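Following: one structure in structure tokens, then a few remarks.
Every number here is computed from the coordinates shown, using simple stated rules; none is lab data. Values in this document were obtained by computation on a predicted structure and should not be read as measured data. Here the Cβ is made from the backbone with ideal geometry for all residues, glycine too, and neighbour counts use every protein chain on show.
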Amino acid sequence: MSTPKSDRVSASKSATEARGETFYPGPSRTQLGAYPPKERWDDWVELDSRAWPQRLERHYLLVPTTCFNCESACGLLAYVDRETLEVRKFEGNPEHPGSRGRNCAKGPATLNQVKDPDRVLYPLKRAGKRGENRWQRVSWDEALDDIAARIRKAIAEKRNNEVMYHVGRPGEDGYTERVLAAWDVDGHNSHTNICSSSGRAGYQWWMGYDRPSPDHANAELILLISAHLESGHYFNPHAQRVMEGKAKGAKLVVFDVRLSNTATHADHWLAPWPGSEPAILLAIANHLIQEDLYDREFVRRFWNWQEFMEQERPKEKASFEAFEKQLKKLYAEYSFAFAERESGIAASVVHEVAKLVAAAGPRLSTHNWRSAAAGNLGGWQVTRTLFLLNALVGAVGVPGGVFPNAWNKFVPKPIHTPPHPHQWNELSWPQEYPLAMNEMSFLLPHFLKDGRGRLEVYFSRVYNPVWTNPDGISWIEAITDESKVGLHVALTPTWSESAYFADYVLPVGLGSERHDLHSYETHDAQWIGFRQPVLKEAHARLGRKVKDTREVNPGEVWEENELWIDLSWRIDPEGAMGIRKHFESKSEPGGKLGVDEYYGFIFSSSVPGLPEKATAEGLTPLEYMRRYGAFEVARNVGAQHAARVPRAELDDVRVTPHGRVYTRAEKPASANVVPVPSPDPDAEGRRPVGIDVDGEVVRGFPTPSGRLEFYSATLKAWGWPEYALPTYIRSHVHPQSLEEGEVPLIPTFRLPVQIHTRSANAKWLDEIAHTNPLWIHPSHAATLGLATGDLVRVETRIGHFVVKAWVTEGIRPGVVACSHHMGRWKLEGAGQRQMMATVSLRHEGTRWWLRREHGVEPFASADPDTSRIWWTDAGVHQNLTFPVQPDPVSGMHCWHQAVRVKRAEPQDRYGDVSVDTAKAREAYAEWLKLARPAARHSPDGTRRPYWLLRPLKPGRETYKLPGATARS
Ligand code: SF4
């Protein structure tokens, strides 16, 4: 059916004005008149801008999917040409409740990635030694048979822990974890301990949930310790809500050592000494406490103050009034003057911000994710002291405050749920770090060198450990050693520095070439987003069925859902190992599970409201999700901690002296199986169900006490009594820890248009951002005689890198900063050419040198733009020169570096990197000494508190520490 001529060309007129509406009638409810109305997504007509002045009409199928360029999972609409079935552009999906039709630059740039002339299109096997960068094309069958045989043998020989899957940003909710569980391997390894572990840990210790969901749009004060407008967590969805809040009158306070885009929008920009953020936050908390400006009722009802009093002040009466007196004493030392001494921020400014916090009351939205939490030793106290403010003013689970992520996230039940693995992998979860938020992934090369284990099959999946992790040269040493890593399989849509050191490079799909499900805490609602191979859906709308995504994806690019099902069948072809059954069809018993059945099952049976909504449009739930790409499950979820527990859930209850309520009643079947921590049952097997608050049983929080844990009995019991309360830990880059001539280097900040190694194959983004100079204040630069563009040598503990100076007032004096999104490199031979410099890599013993042989150059390809490349720079790879610095509690790599900044030496060239891996080993050994191992500190003979979150949680029996006995 053709579109009436009068309706063509200008969607903005036709969609909304014709109906007299002022907003797009989707879940976005915002002014999006420019979006094509969904009724016309089967034949949307636009003039071809390239054909101008000819008025050439193009007819499009508009197919939704989800962006894969960061963790925000914004909705995209692919414009698929009806005639050629070519994707011609990506724009925002106005039906997506999180992103509401908006994207950052990286969303539309998905098109560049799809068309990148250097992308990996076929399975490749190395043709020379590992690391030589010589490749031959192989079939998927050949590659998967080889990989499957190795995994099958390892499992058959009970070497399950030799199979490891190392993921960057998952971009999905639990699919691959279930694959690993089906294989019975504890092989999940993530990048989280170089990313957000410390940010998460501070939240986890408070509420049992590891992420915040701030309601920026309804706040009176937005306090950010991160650069949310361009690079925070969920930054496009959050950025638009920060601006919405500001438009409604909210004040914005930003803590950032450098002038980020977010800081430029702030009412107060505070640039403290790196790591001193908790000192400021504690001074604000102290102001609230001493001036009685906190919400007494909230604190009395929901904090575990009673547990604190009984355990820490046993001689005092455990009354709330007595606790308040203690609270005043505990925090009295954190004066504004103290904050000034630690941070360099004037006491008067801190006082000013404290008054804003007090005035906002419960409408205080705060957020920290990476930034200071990721940079510093003890960085997890940044989020813990930040959330202390919310917990004091009652800004938890209320409009304008902060919600736990799990309340604003929806995770449905899958078609198969394999049991918990029966293994514990000490290469990822070593005994030294019993409280680590996530896998100690960045220590893997050192553990392999220690001889703690080996890997038969190591998958790096959309992950680039050589480049992204600190101490990348130690990674190169470990993964090129075949006695340590039997087979390295790089699952990647594009070339990466790690892929050069693989045995197989297997091309997996980009955001428009794969299926995934997600749900993230963008605001007080629950939604589910569906990523899909857009050409599969385009074919379906034209009446053609696609069985395997390789039929429609470029080359032989495969999506992972189908890949994992296929590989699992090859591992267990007869079903004798108990693996295959988790990948079988239910509708055709004994047959292979397909993705349509997999997602059809989920959308039909475990997403409340979706079947009804789909029926109303004459669609099946799967058809609805393929057509619109997202569904809002709930809105205004509200204060779950204060929700009454229904009587049906209260059976033979037991209430502890602190008001924790246990029940014998079964957990009701619920569609929403948000993976929340599971505090232990009581001694008689009752499950925790809530807390007693003034005689009423309410849900509370999934902490051991059921309350917000101001006081952590867990931290005390596991060897960290000095950190049982939110407090201040001096960073490893605190002035007292620096040696003469050393300054802190801030390497944690993102560039708005690049994401780690996932966006460098996008020409539009590369043209905008392709370098990472060293930010240095004019006063600091003057002492070194530096001007912008001068070459600088930055020396770390294990080596140095050579970079250009950028002299700017946008950074705190005495601190330098360099973005980690640059410095991509390739060896001579295969590789990506738009944003990778070609380097030589050589070593003598443990001394390594990386030298840029030539920068980015124009080249001929099917895309004429590649011959117009005008930039040569690709930045400098600083992470190679950073030693591993694991926080002994959270396990997070503490990114900030103590460095010496000098003028470059005569032999130095831009982009040079030099590293001594013997020094890297020394640094590893020193930081390891800070750990307090479970063998000495476990109170109950287990490896880790069971209630703490753990991805791919193994069976409870694996928690028992070999040979250990309980201390108490
Ligand atoms: S890269 Fe941009 S558009 Fe894509 S998910 Fe992230 S914020 Fe959204």
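Numbers for the structure displayed
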read-out: Given Lys484/Lys929; Lys38/Lys409; Lys89/Lys613; Lys763/Lys826; Lys125/Lys592, the pairs whose alpha carbons are separated by over 19 Å; value: Lys484/Lys929; Lys38/Lys409; Lys89/Lys613; Lys125/Lys592
read-out: Over the chain, relative contact order from alpha-carbon pairs under 8 Å, at least 6 apart, %; value: 16
read-out: Helix-only mean residue ellipticity at 222 nm for the chain, each DSSP H run of n ≥ 4 adding -39500 (n - 2.57), per residue, nearest 500; value: -7000 deg cm²/dmol
read-out: Under 20 Å from the Cα of Lys246 - lysines, other chains or at least 8 residues apart; value: Lys355
read-out: Under the Karplus curve 6.51 cos²θ - 1.76 cosθ + 1.60, θ = phi - 60°, whole-Hz ³J(HN,Hα) for the range 185-199, x wherever Gly or Pro sits; value: 10, 8, x, 6, 10, 10, 8, 4, 6, 10, 10, 10, 4, 5, x
read-out: Cα lying deepest toward the dipole's positive end in the chain, options His523, Leu491, Cys894, charges on Cβ; value: Cys894
read-out: 11 Å beta-carbon shell around Asn189, net charge (K/R +1, D/E -1); value: -1
read-out: Cα-based shape type of the range 839-968, given that a ≥ b ≥ c are square roots of the gyration tensor eigenvalues and the cut on a/c is 1.5; value: prolate
read-out: Residue (of Asn103, Val733, Val803) at the positive-pole extreme of the chain, dipole from beta-carbon charges; value: Val733
read-out: Electrostatic dipole magnitude of the chain [Cβ: Lys, Arg +1; Asp, Glu -1; Cα centre; debye, to 20]; value: 180
read-out: Net charge over other residues, Cβ less than 9 angstrom from the Cβ of Tyr959 (K, R count +1; D, E count -1); value: +3
read-out: Rounded, prolate or oblate (a/c below 1.5 giving rounded, otherwise prolate when a/b exceeds b/c) for the chain by Cα gyration tensor; value: rounded
read-out: 11 Å beta-carbon shell around Ala250, net charge (K/R +1, D/E -1); value: +1
read-out: In order through the range 642-648: 3J(HN,Hα) via Karplus (6.51 cos²θ - 1.76 cosθ + 1.60), integer Hz, x for Gly, Pro; value: 9, 6, 5, 7, x, 4, 4
read-out: For the range 171-241 and the range 713-761, distance of Cα centres in Å; value: 17
read-out: Relative contact order (percent, whole number), the range 72-223, Cα cutoff 8 Å, 6+ residue spacing; value: 11
read-out: Amide hydrogen neighbours beyond the local backbone of Gly92, cut-off 5 Å, H modeled; value: Leu77
read-out: Separation of alpha-carbon centers, the range 309-371 and the range 424-498, rounded to whole Å; value: 41
read-out: Ordering of 902-915, 491-504, 244-257, 841-854 by burial proxy (mean other Cβ atoms within 10 Å per residue, highest first); value: 491-504, 244-257, 902-915, 841-854
read-out: Candidate lysines for bridging to Lys902, where Cα separation is under 20 Å - those fewer than 8 sequence places away on the same chain excluded; value: Lys804
read-out: Whole-number percent relative contact order across the range 432-528, with pairs defined as alpha carbons under 8 Å at least 6 apart; value: 22
read-out: Three-way shape call for the range 106-241 based on the alpha-carbon gyration tensor, with the a/c threshold at 1.5; value: oblate
read-out: Unit charges on C-beta of K, R, D, E only; dipole of the range 333-487, Debye; value: 640
read-out: Of Lys586/Lys953; Lys106/Lys413; Lys449/Lys919, those spanning more than 22 Å from alpha-carbon to alpha-carbon; value: Lys586/Lys953; Lys106/Lys413
read-out: Label-point gap, in nm, between Lys129 and Tyr946 - each point 7 angstrom along Cα→Cβ; value: 5.0
read-out: Principal axes of the range 406-475: Cα extent on each, largest first, Å; value: 40, 28, 26
read-out: Cross-link reach list, aspartates and glutamates versus Lys960, counting only Cα pairs under 13 Å and skipping chain neighbours closer than eight places; value: Glu426, Asp940
read-out: Most to least packed among 62-68, 929-935 [average Cβ atoms within 10 Å]; value: 62-68, 929-935
